[in-house]
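The values are calculated or read from the model by the stated rules, or taken from the named source; none is laboratory data. Worth saying up front: this structure is predicted, and the values here are computed from it rather than measured. When we count neighbours, we look across all protein chains shown, and the Cβ atoms used for this are built from the backbone with ideal geometry, even at glycine. With ligands, DNA and RNA removed, areas are computed over all heavy atoms of the protein, side chains included. Shrake-Rupley method; radii C 1.70, N 1.55, O 1.52, S 1.80 Å.
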Amino acid sequence: MVSRVIPVDPFDLVIFGGTGDLARRKILPGLYHRFCAGQMPATARIIGAARTEQDAAAYRGQVAEAIAEFLPEGSWDAESVAQFCERLDYVAIDARGEGGWKELAGLVREGVVRAFYLSVAPSLFGDIAERLHAHGVADGESRIVVEKPFGRDLASARALNAVLAAHFDESQIYRIDHYLGKETVQNLMAVRFGNILFEPLWNAQYIDHIQITVSETVAVGGRGAYYDKSGAMRDMVQNHLMQLLCLIAMEPPSKFEPDAVRDEKLKVIRALEPVPPSAIVRGQYRGDANGPSYREDAENPESRTESFIAMRVQIANWRWSGTPIYLRTGKRLRARESEIAVVFKDPPHSIFGEQEGRRGNVLVIRLQPDEGMHLRVTIKEPGPGGMRLMEVPLDMSFADALGPDEADVPDAYERLIMDVIRGNQTLFMRGDEVEAAWAWTDPIIEGWEERRDVPELYDPGSSGPEGALALMHRDGRRWREIK
Ligand code: NAD
């Protein structure tokens, strides 16, 4: 099977923070990958804009180094890197001052898509948005891309939305959540709404519960002091896990179009019930021979910030009433794994006798390490000796089902940047979605602060604190194992 690559319109993409970590690790290697795939028109250009005083030649050298550093060996070659780098320009700019803006205005062209990727601290969004307009660099057609964190509570998210709205229409604003760029996440929509098989069962009558797990093996490490002001709830749940929850729980949109999809996601967030303290477990990792404890990493011996959270969430609507969704995410856990498991109810009666039991099907949507889906089904154990049942996975790993070329899917960032150039906002969060997510999150965090809630300690390399196991156990359920 040969991948279909649909070229995009000619563009000027300006990356503010073009020398920063995110640009070097994700954005520029991703763009190189799209260039190699033939998706970048001959006249497309990328302009790095950052504080460092340097010329375009020095920037090109820096980008070539970043590609070599962050792309696996064998997935790049010096000749195509050099060709890609010819597309690059650079301007030294001061987001808060006047330096560089005239030069930038002289570089961007009329008649091509203009996109501005703000890979800088959110505190600079307002300054940049204002100057883009004041210097005539952006117009009513331009697009602006912003990164997480989009606020740290409802008030700050509103303020950021207002700052952007002062210069850009909502239809020009692309708030990135790279989880939405993952192939499997989009496949989730294809599976739900492109088949007749699943949707009739996709409700509280047939689904016992849903588990969403995003487990990481890394510690907060060098980001400790920053992370300590945020914690797993702000860093992961409010954005990534919430977005996954929306896609799994939303009603079918009338069309696969940006506002139709985002309207349905918003309804899910608005239907989330407040979560009582008894349905939440927060944790902090202990230290061991392989690394310091969370509090040491955070350089805060008194820290009450969570590096792990597990919670039971209820959606108060007709479809989901009575079906809980369990969310779990944390650092320094046993494995790096992200998955959504839809656990169906047991069949109502076993014709094979109670000894064989009744087993519900489980649909697992795996986001990492290897993206794919499998459905656990019950079959007869092969061979003579009567009717004994066993469970087997119906597997749909992309590599197996589609062949290695097709499974070499673009990274989430590449896909999302190309969507920006195409002007497709479907996989980007709308301002009201982000605000609704904070409106649900804020009272939970405020409750911890009022109660001076102290997270439970857990061992590094485990699947989290005991309390998280107990949370499920009390409901007569079990977490899927983190392997
Ligand atoms: P970084 O500190 O590595 O880079 C910051 C960039 O901004 C540099 O290029 C710097 O020159 C530029 N900059 C800073 N102040 C400036 C000013 N006054 N005028 C012009 N340019 C200025 O940061 P990063 O890790 O690349 O992160 C960028 C943004 O992306 C942040 O908001 C961060 O929260 C977010 N983000 C980063 C990651 C990641 O993996 N690094 C992941 C998700 C979100």
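The table that follows gives values for the structure above.
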read-out	value
In degrees, nearest ten, helix 258-270 long axis to first principal axis of the chain (Cα)	50
Over 28 Å between alpha carbons, listed pairs 345/380; 102/182; 26/267; 182/255; 265/345; 265/380	102/182; 26/267; 265/380
Cβ charges +1 (Lys, Arg) and -1 (Asp, Glu), total dipole of segment 11-147, debye	240
Between 0 and 90°, nearest 10: helix 56-70 axis offset from the chain longest Cα axis	20
Paramagnetic reach from residue 139 (point 7 Å along Cα→Cβ, amide N under 12 Å) across segment 86-123	109-114
Note, ³J(HN,Hα) from phi for segment 356-367, Karplus 6.51, -1.76, 1.60, rounded to Hz, x at Gly and Pro	6, x, 10, 10, x, 6, 10, 9, 10, 10, 9, 9
Efficiency of FRET between residue 205 and residue 397 - r from beta-carbon atoms, R0 45 angstrom, step 0.05	0.90
Selection from 56, 16, 112 lying farthest towards where the dipole of segment 11-147 points positive, charges on Cβ	112
Dipole moment magnitude, nearest 20 debye, the chain about Cα centre, only Lys, Arg, Asp, Glu C-beta charged	1020
Two-decimal log10 I(q)/I(0) for the chain, as the Debye equation yields it once each C-alpha is a single scatterer, q = 0.10 Å⁻¹	-0.83
Euclidean distance between Cα centres, segment 277-338 to segment 113-184, Å	29
FRET efficiency, residue 466 to residue 300 (Cβ-Cβ, R0 30 Å, nearest 0.05)	0.80
Percent RCO, i.e. relative contact order, over the chain, from Cα pairs under 8 Å lying at least 6 residues apart	18
Estimated vicinal HN-Hα couplings, Hz - segment 211-216 in sequence order (Karplus 6.51, -1.76, 1.60; Gly, Pro = x)	10, 10, 10, 10, 10, 10
Gain in span if fully extended, residue 78 to residue 94, counting 0.36 nm per residue against the direct Cα distance	2.6 nm
Mean Cβ count within 10 Å, highest first, over the residues of peptides 108-120, 265-277	108-120, 265-277
Computed label-point distance, nm, for sites residue 381 and residue 226 using a 7 Å Cα→Cβ extension	5.3
Residue 53/residue 368 FRET efficiency (R0 30 Å; Cβ-Cβ; nearest 0.05)	0.20
Angle between the chain longest axis and helix 412-422 axis [Cα atoms, degrees, rounded to 10]	60
Carbon + sulfur, % of accessible area of the chain - ligands and nucleic acids excluded, 1.4 Å	52
Length released on extending from residue 270 to residue 335, taking residue separation times 0.36 nm less the Cα-Cα span	20.2 nm
Accessible solvent surface per residue of segment 11-147, calculated while the other protein chains remain in place, 1.4 angstrom probe, Å²	42
Vicinal HN-Hα couplings computed from phi for segment 36-52 (Karplus, 6.51 cos²θ - 1.76 cosθ + 1.60; Hz; Gly/Pro x)	5, 6, x, 8, 9, x, 4, 9, 6, 9, 10, 10, x, 9, 7, 6, 4
Accessible surface, 1.4 Å probe, highest first, among residues 103, 73	73, 103
Over segment 11-147, volume per residue of the alpha carbon convex hull, in Å³	99
Length gained when the stretch residue 254-residue 351 is fully extended (0.36 nm per residue, less Cα-Cα span)	30.9 nm
